[in-house]
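Contents: one structure, followed by commentary.
The values are calculated or read from the model by the stated rules, or taken from the named source; none is laboratory data. Fair warning: this is a prediction, and the values are worked out from it, not measured in the lab. So basically every Cβ, Gly included, is an ideal-geometry build from the backbone, and we count neighbours across all protein chains shown. Accessible surface is based on the protein model in full, side chains and every heavy atom, while ligands, DNA and RNA are left aside. Shrake-Rupley method; radii C 1.70, N 1.55, O 1.52, S 1.80 Å.
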Amino acid sequence: MRERMMEGKPPRRSTSHVSLTRSHVRVWLLRLTTSVLLWTGLIQLTSVAELWQPRLLPKGWPPCFDRRPDYTNSTSFSVRSEIGAAPSPPALLPKRVYKNNGYLRVSCNGGLNQMRAAICDMVTVARYLNLTLLIPELDKTSFWADPSDFGDIFNIKHFINSLRDEVRIVKSLPKKFNRKIHSTVFSMPPVSWSSEKYYLKQILPLFRKHKVVHFNKTDARLANNGLPIKLQKLRCRVNYQALRFTPQIEALGNKLISILRSSGFFVVLHLRYEMDMLAFSGCTHGCSAEETEELTSMRYAYPWWKEKEIVSERKRLEGLCPLTPEETALVLQALGFARDTQIYIASGEIYGGDRRLAALRAAYPKIVRKEMLLTLEDLRPFHNHSTQMAALDYLVSVASDVFIPSYDGNMAKVVEGHRRYLGFRKTILLDRRELVELLDLHLNNTLSWDEFSHAVKDVHEHRMGQPTRRKVISIRPKEEDYFYANPQECLGPLSTESNAAEPLKLVGTVANSFL
C-alpha cells in the first residue's frame, strides 16, 4: 500500500471493507423503500376511507386525517354548498371530440336572470348543433346600463372547464377569421320558443354557409316543453353547475348569508317595486299624480317597450301588477309571519324610497338590505354595477328559509326553479289576482281581519313550491309555465296526486352526453 501511495495511486481497499459498505447501502435503500411504501399505503387508505364516509374510520383515528368540512358551525357556511354548485373537479373532464360546424356568437339581452337563462339555452343549442360557443356578451344598453362583462359576473374558467365534455367554449374567434369576416358576420334573432327541430333544419344550414353566426337576441329562444330529455337536463347542468359567480361575488354573498344566519331564520322578499318595473308594467296603484306622470313618460322614452296605453287599475285587477309595499305588509301578516321575522329585501331602489317602505317597516321592524349589512368598503367594487348587485341578491334568495316574490319576473322564476332543484325549498308564489280582490274587500271593511287572513292562507296552501307539472299550451307557448321556474325533467319522476306534496327525489347527475 505504501508503494501505491508513493506512486500517486489510491490505496486498495480490502475485500471485507467493500462488502461491508455495500451491505450498509442495501439496508439503507431497503428502509427507504419500505418507508415510502408504508406512507403511500397510508395515504391511499385515508382517501378510500373518506370516500366511504367517516363511519369506516376507526375510533381514535387522528382527526388530522378527516378533511371533511365542518357544517355544524354556522360561521363555516358556504355559498357553494348552499346553492348546490360542486367545486371544480381536480382533474379536467375529457374534451368531447366532434366535427365543429361553426362558431356561435351570442349577445344576451335583459337583466341578470334573463341573461342567465339565455346562456343555458345557447349552450344547449351549441351542443345540439355541434358548434363552438364564444363566451357570451352581456347586455350593456338596457335600463340598468351595467358595463359588466361575462367574466365580471361569472367564473369563466369554471364555465369552460365544467362543460368541456359537452361543448367547446372559447374566448375569441381563431385568427383565421380576418377583419372582413368580423365586420360582415351574419346576425339574426332566432325565433322565440323554438324546438330543436327549428335549429337543426333552419339554423344549422346558416352555420355551414357563414361559419360564424351572431344571435343578437337570446331570451326565450328555446321551447319550454317538448324537447328531448337530454337537452332539458343539459340546461339544468349549465344553470346549476356551470354558471358559478366569480369568487369575489361568492365571497361577499357568503358574508351576507352568514350575517343573516347568525340571527336565525330569515325570509327573502323580492319586492319588485322599482321604477323600471312600474314604468314597464304601467302599474301606478298607490302613486301620486306626479309619480304616475313620471312613470308614463319613462315608458314612452324606451321604444322597445311596445305597450304604451295602459289602464293601471284594470291591469292590477287582472293580477298583472307587483304588489305595493303596503299590500305586501298586509299579505305577510295574513300568512302568519310574526312581527319579529327577519326579512331581507332583494331588489334595487324602491320607487318612492323610505316613504313607500314605511308601512312595511312598521309591520316588520327587522327589515334589512345588503346596504345595511355590508360596509361601504365591501360594496365599493359593486357600485354602478346593478347586475353584480343582483347576483348578491340571487345568492341570498336561493339560500333563504323562505322566498317570497311580489311579482313573477325573471329573477322570481329562476330563483324558484333553483330552490326546487335543491329540494323544493319553500317559495310562496303569491296569487296576485286573488290577493288584489281580497285586499280590496278587507280595506273596504267587507272582510274582517280573521276572514281575510283565513282566505289568504287558503289561496296559498298549494303555492309553496311543492312538486307540480309545468303547464303546457302548445298553441300559445308564451303563456306556458317557464322551464327555469320548474325544471321538472331534472327533479325526478312525479309521484301520484295523493302524495304530490312530498319532496321528489333529485336526480344526482344530469346527462353528460347524447345518443
- Quick one: which of 209-216, 284-291 comes out on top by average Cβ neighbours within 10 Å, and what's the full order, highest first? 209-216, 284-291
- Task: Please calculate the 1.4 Å probe accessible area of Thr446, with all protein chains present, and give it to the nearest 10 Å².
- Result: 90
- Message: If every alpha-carbon in the range 385-443 counts as one equal scatterer, what log10 I(q)/I(0) does Debye give at q = 0.27 1/Å?
- Response: -1.07
- Note on the structure: Extension length gain for Leu317 and Arg164 (0.36 nm per residue less Cα distance), in nm, is 50.2 nm
- Query: Check Ala346: other-chain or 5+ apart residues with amide H under 5 Å from its amide H, H built from backbone geometry?
  - Reply: Leu269, His270, Leu271
- Given a Förster distance of 35 angstrom, what is the FRET efficiency for Lys171 paired with Arg469, based on the Cβ-Cβ distance and rounded to 0.05? 0.30
- Query: For the range 329-436, which whole-number percentage of the solvent-accessible area (1.4 Å probe, protein heavy atoms only) is attributable to carbon and sulfur atoms?
  - Reply: 50
- To the nearest 0.05, what FRET efficiency results for Glu437 and Ala251 with a Förster distance of 30 Å applied to their C-beta separation? 0.10
- Item | Probe 1.4 Å, accessible area per residue of the range 102-213, Å² | 44
- Query: Hey, can you rank 409-417, 221-229, 476-484 by average C-beta count inside 10 Å, highest first?
  - Reply: 409-417, 221-229, 476-484
- Item | Potential lengthening between Glu377 and Glu291 on full extension [0.36 nm per residue; Cα-Cα distance subtracted] | 27.6 nm
- Förster-model FRET efficiency, 41 Å R0, Asn444 and Asn384, C-beta, rounded to 0.05: 0.40
- Mind checking the full-extension length gain between Leu93 and Lys306? Use 0.36 nm per residue of separation minus the Cα-Cα distance, one decimal, nm. 72.1 nm
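Quick check: net charge around Ile473, other residues with Cβ under 14 Å of its Cβ, Lys/Arg +1 and Asp/Glu -1? It would help to have the intermediate numbers written out before the result.
Working: positive: Arg469, Arg470, Lys471, Arg476, Lys478; negative: Glu479, Glu480, Asp481.
Neighbour charge sum, excluding Ile473 itself: +2.
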- Item | Local electrostatic count at Ser162 - Lys and Arg +1, Asp and Glu -1, tallied over other residues with Cβ under 10 Å | +2
- Query: How large is the accessible surface per residue of the range 284-415, computed with a 1.4 Å probe and reported in Å² as a whole number?
  - Reply: 45
